[in-house]
Amino acid sequence: MLRRKIDEYLNQWLDNRSTALLIKGARQVGKTYSIKKFIESKFKHYIEINFAVRTDLIDAFAEISNYEQLLLRLSVIDGPNLIPGETIIFFDEIQLLYARREELKNQKKLDSTKQDLLTAIKPLVINSNYRYILSGSLLGVTLNNITLNPTGYLDVVQMFPLDFEEYLWAKKVGENVINYLKDCFIEKHIVDEEIHKIIMNHFHEYVLIGGMPKAVLDFVNLNNIYIVEQTQEQIIDQYTIDISQYTDESIKKLRIKEVYKAIPSEINKKNKRFIASHILNRSELNRLNLIDEYLWLTNAGIAIPVFNVYEPIIPLQLSIERKIMKLFVNDIGLLNTMLLSTGVKLQLLNNEKVINYGAPFENVCAQELYAHGFVDSLYYYNSKKHGEIDFIIEYNNEVLPIEIKSGKPNDMNMYNHSALNNIIEMYDIKTAYVFGESNYIKESDVIHQFPIYMISFVNKKI
């Protein structure tokens, strides 16, 4: 059984909020597992409708006249469990409802007088007789015309693959050890060398296995990289199927698939920038810029966009160059299955240095920062004159440049970072972080070098 950070959130929501809860996220990140575990531990009476299983109910809930009709249909499905004040109702895979609504709309059969599910439950949430949880994948793609209001009757939370801290929980690393590492990060202390080595080994595992729950369980329980790889390949195949199912234009489907397949090779290049000309020929390049394709992948939750900023000055959003970006895979384990052979993975698990960790380390750090609140606020800096900084974020109300280093530092345990030195001087940067394989070292009053696993403690909500 996996412990997830969403578990604590669910308990807080139950005790302190009277809203409905919508949990969104890419396929296979563990939404249904966590919700069902929570419901079964807290409620004697519940109704669960998974629209991927009960496809016969999609039309019944795709269009609803009013909340009374919604309750009536629920009572037909499972009346004995519909008890005011005691029942929680869980709608799963709701993207299928909205895909059906879009289909009806295109066929000019959508009844404009009828409501969608999220609208229909609003009076019921305010009434407070029942609790509601909804979940789905690809909601950024299917909820085209629905405004999700997290301050009203609906709380919206995004789930991600296991982050590194959750992976340590799965590996039975004690809470006291994790708290010790957090303290070392906050207080900027050297980590006990033996603990540092053990956690680095766990991090190298995590870089290969990733955070998809089934892949983690396969590895923890069976210690079999072949089974892990099969799980990851199935997830990649499902993502490819989703592109076909939830995209109307056949040509666009092909381009989205090409962009997705190209992410590993693009981030494995020296500058890691996604170059559209590697996907399109010259005539297409003049006509298209692939922005819609990028957006589809990020809205589906299967890619992480990192946009360039031309100046590292708060607010960073004012300096975005939206046509210059890096794209990362939503899970480092999936990236490695797309990028590496099984034999290479086995060598890496045996601590044989057979590849450059540059691309995987940068992807896993993007994944950590994304999961820790930097959705839509994760950037990088690139200048022909001053060089490139891997990530730029707003942290503690200041600009924080972050560099990711693979391999060993020099004899003084320090890495080279001329670009970082350039922007520190030019923009009067107060603090900069470097994450690599060595232990903590204070390089200067500005530059702090941390073990790579401490990227897990950089959180937007400090």
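The values are calculated or read from the model by the stated rules, or taken from the named source; none is laboratory data. Because the structure is a prediction, the values reported are computed rather than measured. Note: accessible area is taken over every heavy atom of the protein model, side chains too, but ligands, DNA and RNA are not part of it. Shrake-Rupley method; radii C 1.70, N 1.55, O 1.52, S 1.80 Å.
Given an 8 Å cut-off on Cα distances and at least 6 residues of separation, report the relative contact order of the chain as a percent. Don't jump to the answer; show the numbers that get you there.
Working: 721 pairs, mean separation 66.0, N = 462.
Computed over the chain, the figure is 14 percent.
Run the accessible area of the chain with a 1.4 Å probe and give the carbon-and-sulfur part as a rounded percent.
Details: 10040 of 21130 Å².
The value for the chain is 48 percent carbon and sulfur by accessible area.
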From the phi of every residue in region 99-114, what ³J(HN,Hα) in whole Hz does the Karplus formula 6.51 cos²θ - 1.76 cosθ + 1.60 yield, where θ is phi - 60° and glycine or proline is x?
5, 5, 4, 5, 4, 5, 4, 5, 8, 6, 10, 6, 7, 5, 7, 9
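For the chain, what is the mean residue ellipticity at 222 nm derived from helices alone (per DSSP H run of n ≥ 4: -39500 (n - 2.57); sum divided by total residues; nearest 500 deg cm²/dmol)?
When only DSSP H runs of four or more count, the value is -13500 deg cm²/dmol.
By accessible area of protein heavy atoms, probe 1.4 Å, what ranking do Ser438, Ser41 get, highest first? Don't jump to the answer; show the numbers that get you there.
Working: Ser438 15, Ser41 85 Å².
Ranking Ser438, Ser41 by accessible area, largest first, yields Ser41, Ser438.
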Which lysines have a Cα less than 21 Å from the Cα of Lys122, not counting those fewer than 8 places away in the same chain?
Lys24, Lys114
Taking θ = phi - 60°, what integer Hz values does the Karplus form 6.51 cos²θ - 1.76 cosθ + 1.60 yield along region 29-43, in sequence order, with x for Gly and Pro?
8, x, 4, 4, 4, 5, 5, 5, 4, 5, 4, 5, 8, 10, 10
Residues whose modelled amide H sits under 5 Å from the amide H of Ser65, counting only those 5 or more places away in sequence or on another chain, are Gln115
Lysines with Cα under 16 Å of Lys405, excluding same-chain neighbours fewer than 8 positions away
Lys269, Lys270, Lys272, Lys353, Lys442
Too long for a 29 Å Cα-Cα cut-off, among Lys197/Lys261; Lys36/Lys253; Lys326/Lys430; Lys171/Lys430; Lys105/Lys326; Lys36/Lys108, are Lys197/Lys261; Lys36/Lys253; Lys171/Lys430; Lys105/Lys326; Lys36/Lys108
So which aspartates and glutamates pass the test for Lys31, namely a Cα distance under 17 Å, with those fewer than 8 places away in the same chain ruled out?
Asp7, Glu8, Glu40, Glu48, Asp92, Glu93, Asp155, Asp163, Glu166, Asp331
Alpha carbons only, please: Rg and Dmax for the chain, in angstrom.
23.4, 72
For region 1-149, the spread of Cα positions along each principal axis, largest first, Å
45, 32, 28
The ³J(HN,Hα) series, computed from each phi in region 232-247 with the Karplus coefficients 6.51, -1.76 and 1.60 at θ = phi - 60°, rounded to the nearest Hz and given as x for glycine or proline, is 5, 5, 5, 5, 4, 4, 5, 4, 5, 5, 4, 4, 6, 6, 10, 10
